[in-house]
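Peer 1: One structure is given below, represented as structure tokens, and several questions about it will come after.
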Amino acid sequence: MNAQQLLDLMWKDYCQLNPAAKKIHDLFVAEGETVLNDHIALRTFDHPRLGLKTLARQFEKFGYVAKDEYFFVEKKLYAKHWEHPDETQPKIFISELQLEKVSPFVREQVNKMVDQIPDSVIQSETFSVCGRPWKMSYQTYSELAKESEYASWVAAHGFRPNHFTVFINPLKKFNDILTLNKFITAKGFPLNKSGGEVKGTPADFLEQSSTMASEIPVQFSDGTHSIPGCYYEFARRYPMANGKLYQGFVAKSADKIFESTNKM
Ligand code: NI
């Protein structure tokens, strides 16, 4: 499997969980735009058998290199991003829930999930898009969501892209985030308003916005329930003093973007 095949597989899985993303993508194409992907975000737990490194492994085989790290104290998350030497390739942003900081209940539930994953799944080339490799009840999902929306999202959906991101800069008609946001909203897709619709400023070298994840039916061991799936993000990058576009992330913006999978 090569990098493009894995990215294609991830896009296909993502569109199934987030039909709105495909619709928005196609709306841009219909407007004559070429849509480039700025980054893909993945979520996991910092359990010894999992963590950033297990999701990053396949991307490092493809030549991706670990870059900056980010801390989200309140949400108990740690994250890092990876870049490919070929700058047209999307960055990979991986976050993990810090289990030593959560309640014994969450830790115990995560341990139960992790115990059900065969090593072969974690070692597989397609681990980043394997979906949920454990049994999960809606009751446990709901209990987890009370303490950590992030934990409940991973519990329900497993390992797969949490979001793809439209790179705003190369767009012709929509290369201003306010114009883009207006277009998305007018087409009927609600945006994440936590911290304002636009997160970050040119002074941060990164402006971001995102849709709110729409609810999708998910099969649990105690029935099918509609819960938030994935969202679509939009990122406008600004040049630094050296003239190069900033490639990193802004923790205080990402902190709010995480809330795009909250229940509306
Ligand atoms: Ni993102």
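Peer 1: Taking amide H positions as placed 1.01 Å from N in the peptide plane, with prolines and chain starts having none, which residues 5 or more places from I227, or on another chain, fall under 5 Å of its amide H?
Peer 2: I216, V218
Peer 1: Using a cut-off of under 14 Å, list every residue of the range 203-225 whose amide N is near the label point 7 Å from the Cα of K187 along the Cα-to-beta-carbon line.
Peer 2: In the range 203-225, the label zone of K187 (backbone N under 14 Å from the point 7 Å along Cα→Cβ) covers 210-212.
Peer 1: Identify which of P190, P104, P161 has the largest mean-square fluctuation in a Gaussian network model of the chain, with springs joining Cα atoms closer than 10 Å.
Peer 2: Sorting by GNM fluctuation, first place goes to P104.
Peer 1: Then there is this: Which of the chymotrypsin sites (Phe, Trp or Tyr not before Pro) found in the range 223-262 are in a DSSP loop and have at most 16 neighbouring Cβ atoms, other than their own, within 10 Å?
Peer 2: Listed in order of number, the matching sites are Y246.
Peer 1: Counting only trypsin sites (Lys or Arg not before Pro) that sit in a DSSP loop (anything but H, G, I, E, B) with at most 12 other Cβ atoms within 10 Å, what is the longest stretch of the chain containing none of them? Mind dumping the intermediate values first?
Peer 2: On the way: sites that count: R49, K135, K172, K173, K187, K193, K244, K263.
The answer is 50-134.
Peer 1: In deg cm²/dmol, rounded to 500, what helix-only [θ] at 222 nm does the chain give when every DSSP H run of at least 4 residues adds -39500 (n - 2.57) and the total is split over its residues?
Peer 2: Rounded to the nearest 500, it is -10000 deg cm²/dmol.
Peer 1: Which value in Å is the Kirkwood Rh of the chain over different Cα pairs?
Peer 2: In the chain this quantity evaluates to 18.7 Å.
Read-outs throughout are calculated quantities, based only on the coordinates presented, and are distinct from any laboratory measurement. Because the structure is a prediction, the values reported are computed rather than measured. When we count neighbours, we look across all protein chains shown, and the Cβ atoms used for this are built from the backbone with ideal geometry, even at glycine.
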